[in-house]
Every structure is written in structure tokens, then in C-alpha cells.
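The values are calculated or read from the model by the stated rules, or taken from the named source; none is laboratory data. Please read these numbers as outputs of a predicted model, since none were measured by experiment. Neighbour counts run over all protein chains shown; Cβ positions are idealised from the backbone, glycine included. Areas reflect the complete protein model, heavy atoms only, side chains present, ligands, DNA and RNA absent. Shrake-Rupley method; radii C 1.70, N 1.55, O 1.52, S 1.80 Å.
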Amino acid sequence: MYIGCHLTIAKGYKKAAELAHSIGANVFQFFSRNPRGSSSKELDMEDVEEMKKILKDNDFGPLLAHAPYILNLGSYKSRIYGMGKGILKEDYEILDSIGIPYFTFHPGNHVGQGAEYGIKRVGDALNEIITGNENTMLLLETMSGKGTELGHTFEEIRGIIDRVKYNELVGVCLDTCHIYSAGYDIVNDLDGVLEEFDNIVGIDKLKCIHLNDSMMEFNSRKDRHAKIGEGTIGLEGIKNIINHPELKDLPFYLETPNELEGYKEEIELLKKERE
Ligand code: FE
Ligand code: FE
Ligand code: ZN
């Protein structure tokens, strides 16, 4: 089972891998740069190589980078749109150059222009970013649908993928908290939701799971993560997710409100609940 959590790389890649290993994780997620969006720091290739050795020696699964939250590729404002494209492209190039397999981002917000407009905008941006020569896959994260957020339905996700020329390099990161808030009942009908995903997007597009419980009710369109077993999805719901035949071999990344010790306990719990 590939299970881990979000960690900081502020002290380097090697340090992050050591930290992950020390809490029983064999995957992790990190921000591609400072979450507030300031520029990425110089790449230390020695640090990257040292990380890779730790990953290899300990049979790690695929690492996942997460773009800054402030990007909005759905924006009609040229400055915001241009900045988002610039940051995503720059980070994508770096991650590809160091061999990080997955890079996820929030599709964006249409801020009143309508979902169709937003989807077109995101697709156009991805066509400027992806050259077709990369190995890293860009993953659209499924969203809760707060405000004018794009990517809270499988149809919107599909709509973006369909606009991208090299869409073999585009996949999906499914956030369990977000889709439950968006109105996909993964607690009572996980099979049905996955069937719907397969029909609309294609299950082969699903690459990563953000494993989070939710503080909010089903279909609330709100985005508040809870610790595993302490939210509306509950431990039974989470158990079904990590053991589902279509999902069990995917990497799971916790983004629950925890410090290191809390993540360690959740990873232990999840390994125990794995059938
Ligand atoms: Fe996210
Ligand atoms: Fe997430
Ligand atoms: Zn969230």
C-alpha cells in the first residue's frame, strides 16, 4: 500500500524523504514552491539525488507535487491568467527535470464568466504549458465546488481533458473530502461514483487520491478537511476507499489537519485497516 501525507520541502528533498520514512510513509506530497506563490528556489541536484536514493532503498511509490493555491487558470483577467501559466510552466519544467511523476493543481475559478468559459481557459493554458515531451503528468484535482470553482463535476474534468492536445499527460487527483462535498456519495455508493467516473472521465485517468475526511455535510460545496474517522465520511467510508479494487493500488496522500505525530498515527491506522 502506498500511503503518505503532505510534507514541506523547505529543508530540502532529502530531509522530506527522511521525514516521510520516519513516520511510516512510502509516498508524500509537497508544494512545488512556497504556497503563497513566490519563486522557486535554486535546484540542488545533490539533494535531489540523495532523496532518490532514500526513495529507492525504501521502495517508495510515486511522489506528488502540488501547485500553489493562488493560481487561477480559469481567470478572464490577463495578468492573473498569465501569472498562473508562468508559475505552472516553470514548476512543471523543474519537476519534470527531476523526475517527479505527478503534479496536481486546482483547475481554477471562472469568477462569474461561467463554467464553459473557465474550462476553455484552463484547456488553452494547458496547451501552452505541455509540449508533449514531458514525462511528468499534470493532474486536475477534483474540487468541492465552492464559489465558482471549476472541476467539481466529472463532466468539467472531462471537458478540460478533451481540450488538451497532449492529454495523455493529463490525469486526475481525486480528493475524497472534495468529491463528497461536491455531491458524490462515496460513503453509500462508492461503486456507483467510480462507475460514473469511469463512464465520464475513464478510470485509467485516475492517478492519485487525496485521502481526507470532511468536516462538512454531504453535498455542502464546502472544503474543510477532517482527520481520518473524525468527519462525515467516517472510518468505515475511508476503509471502503482504501480497500476498493479500483483504488487500492493507487497512492494515497493525507491532507488532514495534523502535525507529524498525527500523520504517523493515521498512517498506522490506515495500514491496519488495509485488508
Ligand atoms: Fe489541493
Ligand atoms: Fe486535496
Ligand atoms: Zn481541500
| request: Filter the stretch 103-124 for residues that are touching a Leu at 6+ places or on another chain (Cβ under 8 Å), open to solvent by 40 Å² or more (accessible area, probe 1.4 Å) and of a type outside the set (D, E, K, R) and give the result. | output: His106, Asn109
| Which of the residues belonging to the stretch 63-89 are part of a loop (DSSP other than H, G, I, E, B) and more than 16 Å from ligand 2 (Cβ to nearest atom)? | Asn72, Leu73, Gly74, Ser75, Tyr76, Lys77
| note | Picked from the stretch 175-197 (must be open to solvent by less than 10 Å² (accessible area, probe 1.4 Å) and closer than 15 Å to Arg221 by Cβ), the residue nearest to ligand 2 (Cβ to nearest atom) is Asp175
| Subset of the stretch 194-212 (residues that are within 16 Å of ligand 3 (Cβ to nearest atom) and either under 16 Å from Ser144 (Cβ atoms) or in a loop (DSSP other than H, G, I, E, B) (or both)) | Ile209, His210, Leu211, Asn212
| request: Give the stretch 122-159 a look and list any residue that's within 16 Å of ligand 2 (Cβ to nearest atom) and within 15 Å of the chain's Cα centre (by Cα), or say none. | output: Leu138, Leu139, Leu140, Glu141, Thr142, Met143, Ser144, Leu150, Gly151, His152, Ile157
| Out of all the residues in the stretch 160-174, which are within 19 Å of Asn109 (Cβ to Cβ), in contact with a helix residue (DSSP H, G or I) (Cβ under 9 Å, 6 or more places away or on another chain) and either open to solvent by 20 Å² or more (accessible area, probe 1.4 Å) or within 16 Å of ligand 2 (Cβ to nearest atom) (or both)? | Arg163, Val172
| Options Gly229, Gly202: the member that is open to solvent by less than 30 Å² (accessible area, probe 1.4 Å), more than 16 Å from ligand 1 (Cβ to nearest atom) and either over 25 Å from Glu155 (Cα atoms) or not aromatic (Phe, Trp, Tyr) (or both) | Gly202
| Quick check, is Tyr81 open to solvent by 10 Å² or more (accessible area, probe 1.4 Å) and without any contact (Cβ under 8 Å) to a residue 60 or more places away in the chain? | yes
| field | Qualifying residues in the stretch 242-275 (those that are over 16 Å from Ala226 (Cα atoms) and touching a Lys or Arg at 6+ places or on another chain (Cβ under 9 Å)) - the one modelled with the lowest pLDDT | value | Glu275
